């Protein structure tokens, strides 16, 4: 498994996992210099950047006591020192984080959780929007639809995401804007499922 993200100084950071070992590297493209940032036990995915830190997401198949328990661990990796700091562990959920807010306080992703929820007829398997406070580890789960690849707006007050199956509309996909304070959703683009490849990864155009 390989994950990557760009830094503002032109470095390409990537994490490569093989046989329960993950290597995080930084490649300076203008100088063609490759350096190793950290070597980690387990399978981790580098998923977001802010200042001199990166977010790591890892999946743990068993609990510390050895019983089966799919949980997702979120950590912060200091890119200068290679030190790791635990942020939170999310039990019974498969989480993919996609973006860090412009001020570095929040991370947003999608989460498929095994919590016994029964979905309305015509609604896809749950993939909720998940917002994590990176200082406290507090989480907010925003349900409804099947959310994918969310990213923050430039002012950090909303996210845009692809809703692959709005409630009661299984053959429809949308790009939606979600206000983080109120939870209100605004549809920006709507189409049938043949548009999935075109709308799967919405991003804001740089100014």
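Using a/c under 1.5 as the rounded threshold, could you call the stretch 1-49 rounded, prolate or oblate? The axes a ≥ b ≥ c are square roots of the C-alpha gyration tensor eigenvalues, and prolate needs a/b larger than b/c, oblate otherwise. Verdict is prolate for the stretch 1-49.
The ranking of 147, 73 by Cβ neighbour count inside 10 Å, starting from the fewest, reads 73, 147. Of 83, 190, the sequence from fewest to most neighbouring Cβ atoms within 10 angstrom is 83, 190. Could you tell me the calculated FRET efficiency between residue 27 and residue 94, based on Cβ-Cβ distance and R0 = 25 angstrom, to the nearest 0.05? Between residue 27 and residue 94 the formula returns 0.30. In terms of surrounding Cβ atoms within a 10 Å radius of their Cβ, 187, 25 rank from fewest to most as 187, 25.
Each value in this text was obtained by applying a stated rule to the coordinates, not by laboratory testing. Just so it is clear, the structure is predicted and the values come from calculations on it, not from any experiment. As a convention, Cβ positions derive from the backbone with ideal geometry for all residues, glycine included, and neighbour counts pool all protein chains shown.
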